[in-house]
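Every read-out reported here was derived from the displayed coordinates using simple, explicitly stated rules and does not represent laboratory data. Predicted, not measured: the structure shown is a model, and the values here were computed from it. Don't worry about glycine lacking a Cβ; one is built from the backbone with ideal geometry, like all the others, and counts go over all protein chains shown.
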Amino acid sequence: MDISWIVVGIVCTFAVVLLVLIVISEWKILEKAGEKGWKALIPFYDLFLSHHIVGMKHIWFILEMIIWFIETFIAAVLPFPKWFEIAFLIFTTVFTLLSEVIHINKMCNCFGKGIAFKIGMFFVPYVFPMILAFGPAEYTKPEH
């Protein structure tokens, strides 16, 4: 057996285990927030709920979905000038980062976490939600 297939198997196994841990973490976070955990299994709805439980306005979710749709379908099919593709890429990157920073800030506030945890959530986004999910942090509903 070729060694490359062993490496592919190990990487795929690691990816599946990480995906399962992420879904379980989302499940537990939703349960801590008073939602049904199984809702973490529904694509897009889990993102909507995540925005909702931290008190983000629904417009953020709607804009994220519009940008995702444009990136995924329209930009792949329609020919755009190169300058437009670059400008759109810059816009979507800035918007996504801004949205993620706001979401992380609000999520950590809901669970009573400070600036160090917020930085960890941003730079190590697969580990820190697991800490929220399985740790002693308790959810506090945000003020709207």
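Rounded to the nearest 500 deg cm²/dmol, what is the calculated helix-only ellipticity per residue at 222 nm for the chain, with -39500 (n - 2.57) per DSSP H run of length n ≥ 4? So the helix-based figure for the chain works out to -22000 deg cm²/dmol.
Taking Lys and Arg as +1 and Asp and Glu as -1, the other residues whose beta-carbon sits under 12 Å from that of residue 137 total +2. When the charge dipole of the chain is built from unit charges on Cβ atoms (+1 for Lys and Arg, -1 for Asp and Glu) and taken about the Cα centre, the candidate among 62, 117, 38 whose Cα reaches farthest toward its positive end is 117.
Per-residue 3J(HN,Hα) values for the stretch 10-19, derived from phi via the Karplus relation 6.51 cos²θ - 1.76 cosθ + 1.60 with θ = phi - 60°, read 5, 5, 5, 4, 4, 5, 5, 4, 5, 4 Hz in sequence order (x marks Gly and Pro).
Computed on the chain, with alpha-carbon pairs under 8 angstrom and 6+ residues apart, the relative contact order is 30 percent.
Run the numbers for residue 101 and residue 86: contour at 0.36 nm per residue of separation, minus the present Cα-Cα distance, in nm. Mind showing how you got there, number by number?
Numbers: separation 15, 0.36 × 15 = 5.40 nm, distance 2.26 nm.
Full extension of this stretch gives 3.1 nm more.
Please give me the summed charge of the neighbours of residue 52: other residues whose Cβ is under 12 Å from its Cβ, Lys and Arg +1, Asp and Glu -1. Combined, the nearby Lys, Arg, Asp and Glu give +2.
How many lysine pairs are close in the stretch 3-134, with Cα atoms under 30 Å apart and the two 8 or more places apart or on different chains? For the stretch 3-134, qualifying lysine pairs total 22. What is the stretch 3-122 by shape, rounded, prolate or oblate, if you read a ≥ b ≥ c off the alpha carbon gyration tensor as root eigenvalues and call it rounded for a/c under 1.5, prolate for a/b larger than b/c, and oblate otherwise? It comes out oblate by the Cα gyration axes.
Local charge sum around residue 105 (other residues, Cβ-Cβ under 12 Å, Lys/Arg +1, Asp/Glu -1)? Intermediate results must be reported in sequence, preceding the final value.
On the way: positive: 106, 113, 118; negative: 100.
Local charge sum for residue 105: +2.
Across the stretch 126-136, computed HN-Hα scalar couplings (Karplus, 6.51 cos²θ - 1.76 cosθ + 1.60, θ = phi - 60°) run 9, 8, 5, x, 5, 5, 4, 5, 9, x, x Hz from first to last residue, x flagging Gly and Pro.
Ranked by the mean number of other Cβ atoms within 10 Å per residue, highest first, peptides 76-88, 101-113 order as 101-113, 76-88. Residues in the stretch 48-58 carry Karplus couplings, in order, of 4, 5, 4, 5, 5, 5, 9, x, 6, 5, 5 Hz; the curve used is 6.51 cos²θ - 1.76 cosθ + 1.60 with θ = phi - 60°, and Gly or Pro positions show x.
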